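Visitor: My structure is below; once you've seen it, I'll send some questions.
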Amino acid sequence: MALIEPMKKLLFFFMICLTAYSQSVANASSVTDDAQEHESSGKFNAGNFIIDHIVDSYEWHIATIGQTHISIPLPVILVDEGKFIVFSSSRFHGGTESYKGYKIETARSFNKGKIVKVIPGTMETDVAANKPLDFSITKTVAGIFISVLLLIIIFMGVAKAFKRNSGHAPTGVQSLFEPLIIFIRDEVAKPSIGKHYQRFLPFLLTLFFFIFFNNLIGLIPLFPGGANVTGNLGVTLVLAFVTLLVTNFSGNKSYWLHIFDPPGIPWWLKFPIPLFLIIELTGVFVKPFVLMIRLFANMVAGHIIILGFISLIFIFASMGAGLAYSVSPLSIVFAVFIGLLELLVSFIQAYVFTLLSAIYIGMATEEHHEGEHVK
């Protein structure tokens, strides 16, 4: 089977990811300190603890040792009332202070975690003021930059190796990624799109490897991993939107004719109420919407389950130290097991997103015989 060989090639890389993940879960240094911080402010709240770890942020948190937070500040870029404002997120001191009239909203509201204006001289949110346009480099954006840089470096090396080893068996990094490239070409692009597959192969390969790399990097909690890129609804929205654009701008005459004047449908179902037109146009937008939600939900779910098992340690700790020690090994084992499943899900979700995108493109570019469109 074509899929088995590349999966074998990637096993070593998977094990490196798993080792890093297992060690971080077993040690759980930053997670433990964050949980203790929650406990110091009152009863441990598993919901807040999990949400704080999966949402985007203006700094890249590394660890917390005692009362010391180790994090990498990221640039805050705002446009407000025609002014271009740039400063480091460290000015917010972890969200406890305001700077230049702005702060990170910490109260439970629609704007929680976002930058808002404050009333001068206070830390109170100015609800009457307009929110500034936020172009900041958040953790998710920084994660995208890292993954894109990694993709460029790796595939430039693969391209050079391909030219160097032309006519010979692939070696090194080329032997790791070439089976996956061939798999996407032969098992996804060709069957789904047909004879015009080469036109869309670069897009499908970019889509697959971008999602795949970000899925894997998101499972590594140590910097530069840990950015939940594909678990961000904004990222999956853009990926799905690009697929929507490529599909519809590539659609041929038959594709649009089947939407606006579907063959074999009685005229009284087309006029005066265009029922089938409404259904077909809805389908145009529902397909990429499903792509967006599927990838987002699957990647977020894995992180939530893992953090849920870790939270059990601190929930039982509030009932007694002995109970916490007895539950901790089991929680860690289950967390590592879910981490293993997440490695598999990382590949599956990248494959499914790419496959469905190829199917949609194939449906839009499929050539129909004129006889199929019968009035």
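The values are calculated or read from the model by the stated rules, or taken from the named source; none is laboratory data. Nothing here was measured: the structure is a model prediction, and the numbers come from that model. Every residue, glycine as well, gets a Cβ built from its backbone with ideal geometry; the counts of neighbours run over all protein chains shown.
Visitor: So which residues in region 75-103 are in contact (Cβ under 8 Å) with a residue 24 or more places away in the chain, surrounded by 14 or more Cβ atoms within 10 Å (Cβ to Cβ) and either among the β-branched types (Val, Ile, Thr) or within 13 Å of LYS131 (Cβ to Cβ) (or both), if there are any at all?
Guide: VAL76, ILE77, LEU78, ASP80, ILE85, TYR102
Visitor: If you don't mind, there's one more thing I want to ask. Go through PHE162, PHE203 for me and flag whichever is of a type in the set (Phe, Trp, Tyr) and under 21 Å from the mean Cα position of the chain (by Cα).
Guide: Checking each option against the conditions leaves just PHE203.
Visitor: Follow-up. Only residues that are surrounded by 13 or more Cβ atoms within 10 Å (Cβ to Cβ) and either in a loop (DSSP other than H, G, I, E, B) or basic (Lys, Arg) (or both): list them for region 107-123, please.
Guide: ASN111, LYS112, GLY113, LYS114, LYS117, ILE119
Visitor: Within region 132-152, track down each residue that is surrounded by 15 or more Cβ atoms within 10 Å (Cβ to Cβ) and over 19 Å from the mean Cα position of the chain (by Cα).
Guide: PRO132, ASP134
Visitor: Something else now. Give region 136-169 a look and list any residue that's of a type in the set (Phe, Trp, Tyr) and either under 28 Å from LEU222 (Cβ atoms) or not assigned by TED's automatic domain parsing to the domain that holds PRO224 (or both), or say none.
Guide: Once the filter is applied, which keeps residues that are of a type in the set (Phe, Trp, Tyr) and either under 28 Å from LEU222 (Cβ atoms) or not assigned by TED's automatic domain parsing to the domain that holds PRO224 (or both), region 136-169 yields PHE145, PHE155.
Visitor: Determine whether ILE310 is closer than 30 Å to ALA189 by Cβ, in a helix (DSSP H, G or I) and in contact with a Phe, Trp or Tyr (Cβ under 9 Å, 6 or more places away or on another chain).
Guide: Here the answer is no, as ILE310 does not meet what is asked.
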